[in-house]
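Report on the structure given below.
Quick note: the coordinates plus some simple rules give every number you see, no bench work behind them. Every value quoted in this text rests on a predicted model; they were computed, and no experiment measured them. All Cβ positions, even for glycine, are placed from backbone atoms using ideal geometry, and neighbour counts span all protein chains on display.
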Amino acid sequence: MPSNTLSPPGPAAVLCGLAGWVPPRVVTNDELAARLDTDDTWIRTRTGIRSRHVAEPGQATSDLAVEAGRLALRSAGGAPADAVIVTTTTPDRPCPATAPVVATRLGLAGAAAFDVGAVCTGFVYGLATAAGLIAAGVARRVLLIGADTYSTIVDPLDRTNAIIFGDGAGAVVLRAGRPDEPGAVGHFDLGSDGTHEDLITVAAGGSRQRSTGGEPTHAERHFAMRGKEVYRHAVTRMAASARATLEQAGWKTDDVDHFVPHQANLRILHSVADDLGLPRERCVANVDAVGNTGAASIPLALADAAAGRRIRPGDRLLLTAFGGGLTWGSCLMTWPELPPHPHP
Ligand code: UT7
């Protein structure tokens, strides 16, 4: 009998490079409190954030992405990638995508290059996309960069959002390998619910607003979030997604050495850990120092934890994200041996 399988299962995507980059300028809670009706205690107790990094005027998402991408390629040994994915909510322009210019500036002109948009879930969606490219034999080595400059879309006078978000970029290199190798990413759970598209929005700049012809208002040009509702969805959706991924892999909660969630708000991360029955110490968090950096948050948290030797080779990781859309996603991996964290 001939086999119905057209081709054998393709290779797995194996993490072999990692780096984070944040713009040097640090904005503390006190600096925000000097111009907004807020204070350090409110921000720390409600979000766990102490400071965040902010891009300079003139600095765009691609500038951050190039810095993180260069370091990640160096960390992976310097070999070129044949595909570049940028995941972002703050592309340089509505058109074209940000990835091609990033690829070219990294010396990768000619590589496949495109953006993935899933708001703060973008990095996990990007990992699944990269894994798909590698499994299909379309690419052997993928550079995936999560980068966001929320400072360009958040109204600086909006105290609810200005305190949460920071700018940054995190990047990984994935190579074709075996599914049982340390560093192989898998057991993805991805989901969405568009009935709640209005919970996190930038109303203007897209075809919906442009089709009406009128000039957008100040509010429509800026990021808007219904924080309380988003908070509730974030906790329930992240916990459900994490569970679905663990079940798929046959892992128990106790098998997870490190839970690496999207850094939305420390209270959200702890609530999800509590819901899963994971000790809070296993939750990797750097939101205190960088805030919520959108699509960059998981790779930045990974880079910080790996640089601090908190995550070690052989450790088992659960990555879970949630964002506008609504979107959510999770996956699992065992941490590989990586070269020392590269410095700029
Ligand atoms: O990354 C994508 C997903 N995003 C998230 O997961 C974010 C989810 N949401 C949150 O993290 C939280 O909802 C926030 C941090 C945005 C807000 O925290 P909260 O505990 O939900 O506060 P709240 O919106 O219920 O506001 C409580 C009070 C309000 O005052 P009243 O109405 O009780 O008098 C707000 O006006 O706190 C007030 N408030 C502030 N006070 C001081 C709101 N922002 C501030 C502020 N400083 N910055």
| Only one of (1) under 19 Å from D189 (Cα atoms); (2) within 15 Å of the ligand (Cβ to nearest atom); (3) in contact with a strand residue (DSSP E or B) (Cβ under 7 Å, 6 or more places away or on another chain) is not met by F259, so which one is it? | (2)
| task | Search segment 277-294 for residues that are without any contact (Cβ under 8 Å) to a residue 40 or more places away in the chain and within 20 Å of F123 (Cα to Cα) and pair each with any residue that is part of a helix (DSSP H, G or I) and of a type in the set (A, V, I, L, M, F, W, C) when their beta-carbon atoms are under 7 Å apart and the residues are at least 6 apart or on different chains. | result | C283/L269; C283/A273; V284/A301; V284/A305; N286/L300; N286/A301
| Cβ pairs under 8 Å, 6+ apart, first in segment 247-259 and free of Cβ contacts under 8 Å to residues at least 12 places away in the same chain, second in a helix (DSSP H, G or I) and surrounded by 16 or more Cβ atoms within 10 Å (Cβ to Cβ) | K252/L246
| query | Just for segment 21-35: of the residues that are within 13 Å of the ligand (Cβ to nearest atom) and surrounded by 17 or more Cβ atoms within 10 Å (Cβ to Cβ), which one is farthest from E67 (Cα to Cα)? | reply | A33
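Picking from A139, A118, A171, A135, which residue would you name as being surrounded by 24 or more Cβ atoms within 10 Å (Cβ to Cβ), away from the ligand (no atom under 15 Å from the Cβ) and either without any contact (Cβ under 8 Å) to a residue 40 or more places away in the chain or not aromatic (F, W, Y) (or both)?
Numbers: A139 fails: surrounded by 24 or more Cβ atoms within 10 Å (Cβ to Cβ); A118 fails: away from the ligand (no atom under 15 Å from the Cβ); A135 fails: surrounded by 24 or more Cβ atoms within 10 Å (Cβ to Cβ).
Only one candidate qualifies: A171.
Looking only at helices (runs of 4 or more DSSP H) that lie completely in segment 231-344, which have at least 1 residues being more than 13 Å from the chain's Cα centre (by Cα) and surrounded by fewer than 16 Cβ atoms within 10 Å (Cβ to Cβ)? It would help to see each step written out before you state the result.
Values: elements: 266-276, 287-290, 297-307.
Output list reads 266-276, 287-290.
Do we have D198 as within 29 Å of I134 (Cβ to Cβ) and either more than 16 Å from the ligand (Cβ to nearest atom) or assigned to a helix (DSSP H, G or I) (or both) here? Write out each step before concluding.
Working: within 29 Å of I134 (Cβ to Cβ): no; either more than 16 Å from the ligand (Cβ to nearest atom) or assigned to a helix (DSSP H, G or I) (or both): yes.
Against the criterion (within 29 Å of I134 (Cβ to Cβ) and either more than 16 Å from the ligand (Cβ to nearest atom) or assigned to a helix (DSSP H, G or I) (or both)), D198 does not qualify.
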| Scan of segment 143-162 for residues that are surrounded by fewer than 24 Cβ atoms within 10 Å (Cβ to Cβ) and more than 12 Å from M225 (Cβ to Cβ), ordered by number | S151, T152, P156, L157, R159
| note | T90 passes all but one of the listed conditions (1) out of contact with any strand residue (DSSP E or B) (no Cβ under 6 Å at 6 or more places or on another chain); (2) outside any strand (DSSP E or B); the exception is number (1)
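Answer yes or no as to whether A306 is touching a residue at least 60 places away in the same chain (Cβ under 8 Å) and within 13 Å of the ligand (Cβ to nearest atom). Give the steps one after another, and end with the answer.
Numbers: touching a residue at least 60 places away in the same chain (Cβ under 8 Å): yes; within 13 Å of the ligand (Cβ to nearest atom): no.
No, not satisfied.
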| task | For segment 146-165, name all the residues that are under 19 Å from H262 (Cα atoms), more than 11 Å from the ligand (Cβ to nearest atom) and in contact with a Ser or Thr (Cβ under 7 Å, 6 or more places away or on another chain). | result | G146, A147, T149
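Evaluate segment 201-219: report whether one residue or more is β-branched (V, I, T) and in a loop (DSSP other than H, G, I, E, B). Spell out how you get there, then give the answer.
Residues of segment 201-219 that are β-branched (V, I, T), as a first pass: 201-202, 212, 217.
Cutting the leftovers down to in a loop (DSSP other than H, G, I, E, B) gives us 212, 217.
The answer is yes, given that some residue of segment 201-219 is β-branched (V, I, T) and in a loop (DSSP other than H, G, I, E, B).
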